[in-house]
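The values are calculated or read from the model by the stated rules, or taken from the named source; none is laboratory data. Just so it is clear, the model here is predicted, and its values are computed rather than measured. As a convention, Cβ positions derive from the backbone with ideal geometry for all residues, glycine included, and neighbour counts pool all protein chains shown.
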Amino acid sequence: MFPTGQNQMLLKKKFEEIKDIKNPQTRGYKFEELMLDLFRFYGLQPRRDRGVTKSGDQIDLIANFEGKHLIVETKFLKKPVDRTAIEKLNSKMEIRQPNTIGLYFSMSGFTKNAEKYVSDIIKKRNIVLFDENETKEILTSRLDFERLLRRKIFLQTKESKVALEIKEDEDVRLLSEDYHDIIINQTKVEYLTTKSKGIDCVLFSPIYYGFSDKNYWIELYYPNIQFKDLLFILRKYEDIFGFSDKSSYCINQTNYSWFGLGVESFLKALKNRAIRYKKTEDIIKHHSEAVVFIDEIPGRGLFSLSLEPEINPNRDMISHVSISFLLQDIPFPNSRYELFFKTLNNNPECIEVINSTVETRLELEEDFITIKKVGYLKLKNDFYPENEREEWSDGIICKNPFYNKKIDFPRHNNYFFNDRGIHELFATLENFIIFLPHYESVDSHHKYHLREVRLLSVPSSGFSSICINPIGDWLDH
């Protein structure tokens, strides 16, 4: 969430006032309040934490950013912050969750010993430093704080294996990492392979878009691009919005579909199409594939890419590329959208107003449907402590309980049902993924049931696309 112009002016005004305060305690307290406003204006859910650690120290602020917990320290001193201050922050992080990141804002910079200490402990603790110039530029609106934070977390914590610069001749990955492993028959697979029908795409994701009465579809269309152009588009999206842990994709080829989670898995699946086709003997090949990738922009809307890559391994051509945003409210903070389209040197070619909801719920004939698990989604290790041996799951894989069955959808005015063949599309997949509201051990032997199915119509050019959010639970505890 980018701050409004009024909030940006307020941050700048308060910062100028704080600089003139002589009393260091008053100045420090006002600076802490200002940083609280900064995090609040960016929608990072900040709050004060006056709880005292074992060492007797207090924490200035706590916030959330893209699934990570932030502990924030702020200082407006005359002398640079030394190593001792960073060590105190480190001690505060020891009692926190593994995915906690420490942020230290200092208007007087840091000593070399403090910076060296941060680089030395980087494998155990993730601490990111903001010096005087960076903090000043954030508060005076010269820098986008959210983008800078995302980049600094990557650079200083070495959170990913990937390079920042995109080069044509390099196998480039993005900053984000996939959040789940798909496990079937105790074996990790890159994607779920399932039989299907037609060229339409069905995706699975725990995205909850909401039942808005009015929606806006903004689209940018390219007739043809290359794979490196797709990388560029995704890289710019990540830099400006950041990928959530709900991104997913579907690749469809006449009588088969491949479904996966995360942007890295998506890019690997596109590049390794020869492997996919080799494993599937009875496939009916069309010269191109129907592909949709989606991601949730928390509090803002839905991002989607629909495209048709050629299956010829000697051709690196992708056609009919639609870059779309599905948004609920206008006016909305449009700075990031303008920046995104500006980096692509283009403007959206169409804006469609949808005067009905694009999400609905499937009305089950029974209160719940019993499901047999054949696989599961395993959370990556960074979701739980390293010394905890038990592994956790938040989703199961099963046979589609609606496969080859006729489904009676509610017959009300809904944009979703304007899509062609949507009744048949839902029942064409042989396999199904169900998301659980709670984590469970991967070794559990529960009986499962499907209790709710949410359906979201995804903007895509030339073929229908639907995101399914099936929600299940276990019967015994």
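Below are the figures for this structure:
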| item | result |
| --- | --- |
| Condition met for residue 196 (in the same structural domain as residue 251 (by TED's automatic domain parsing), polar (S, T, N, Q) and touching a Cys at 6+ places or on another chain (Cβ under 8 Å)) | no |
| Every residue from region 1-21 that is assigned to a loop (DSSP other than H, G, I, E, B) and either modelled with pLDDT under 85 or hydrophobic (A, V, I, L, M, F, W, C) (or both) | 1, 2, 3, 4, 21 |
| Residue that is modelled with the lowest pLDDT [pool: residues in region 115-140 that are surrounded by fewer than 17 Cβ atoms within 10 Å (Cβ to Cβ) and in a loop (DSSP other than H, G, I, E, B)] | 123 |
| When residues of region 305-316 are limited to those that are of a type in the set (D, E, K, R) and surrounded by fewer than 19 Cβ atoms within 10 Å (Cβ to Cβ), the one modelled with the highest pLDDT | 310 |
| Positions within region 194-215 being crowded, with 17+ Cβ neighbours inside 10 Å and either under 30 Å from residue 378 (Cβ atoms) or touching an Asp or Glu at 6+ places or on another chain (Cβ under 7 Å) (or both), in sequence order | 194, 196, 197, 200, 201, 202, 203, 204, 205, 206, 207, 209 |
| Of residues in region 18-32 being free of Cβ contacts under 8 Å to residues at least 12 places away in the same chain and not aromatic (Phe, Trp, Tyr), the one surrounded by the most Cβ atoms within 10 Å (Cβ to Cβ) | 21 |
| Residue selected from region 441-477 under the condition of a type in the set (Asp, Glu) and at pLDDT 85 or above, by the criterion farthest from residue 200 (Cα to Cα) | 473 |
| Set 294, 318, 251: member being more than 30 Å from residue 437 (Cβ to Cβ) and touching a strand residue (DSSP E or B) at 6+ places or on another chain (Cβ under 6 Å) | 318 |
| Number of positions in region 187-244 that are touching a strand residue (DSSP E or B) at 6+ places or on another chain (Cβ under 7 Å), among the polar types (S, T, N, Q), under 25 Å from residue 3 (Cβ atoms) and in a loop (DSSP other than H, G, I, E, B) | 1 |
| Enumeration of residues in region 150-165 that are modelled with pLDDT of 65 or more and within 17 Å of residue 236 (Cβ to Cβ) | 150, 151 |
| Considering residues of region 367-407 that are modelled with pLDDT under 75, part of a loop (DSSP other than H, G, I, E, B) and touching a strand residue (DSSP E or B) at 6+ places or on another chain (Cβ under 9 Å) only, the residue nearest to residue 329 (Cα to Cα) | 407 |
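Residues checked against (1) outside any loop (DSSP other than H, G, I, E, B); (2) within 20 Å of the chain's Cα centre (by Cα); (3) buried (at least 21 other Cβ atoms within 10 Å of the Cβ):
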{"site": "266", "(1), (2), (3)": "yes, yes, yes"}
{"site": "274", "(1), (2), (3)": "yes, no, no"}
{"site": "277", "(1), (2), (3)": "yes, no, no"}
{"site": "282", "(1), (2), (3)": "no, no, no"}
{"site": "285", "(1), (2), (3)": "no, no, no"}
{"site": "293", "(1), (2), (3)": "yes, yes, yes"}
{"site": "318", "(1), (2), (3)": "yes, no, yes"}
{"site": "325", "(1), (2), (3)": "yes, yes, yes"}
{"site": "345", "(1), (2), (3)": "no, no, no"}
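Matching residues to (1) in contact with a Cys (Cβ under 6 Å, 6 or more places away or on another chain); (2) acidic (Asp, Glu); (3) in contact (Cβ under 8 Å) with a residue 12 or more places away in the chain; (4) over 23 Å from residue 221 (Cα atoms):
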| position | (1), (2), (3), (4) |
| --- | --- |
| 280 | no, no, yes, yes |
| 290 | yes, no, yes, no |
| 293 | no, no, yes, no |
| 297 | no, no, yes, no |
| 304 | no, no, yes, no |
| 309 | no, no, yes, no |
| 323 | no, no, yes, no |
| 339 | no, no, yes, no |
| 342 | no, no, no, no |
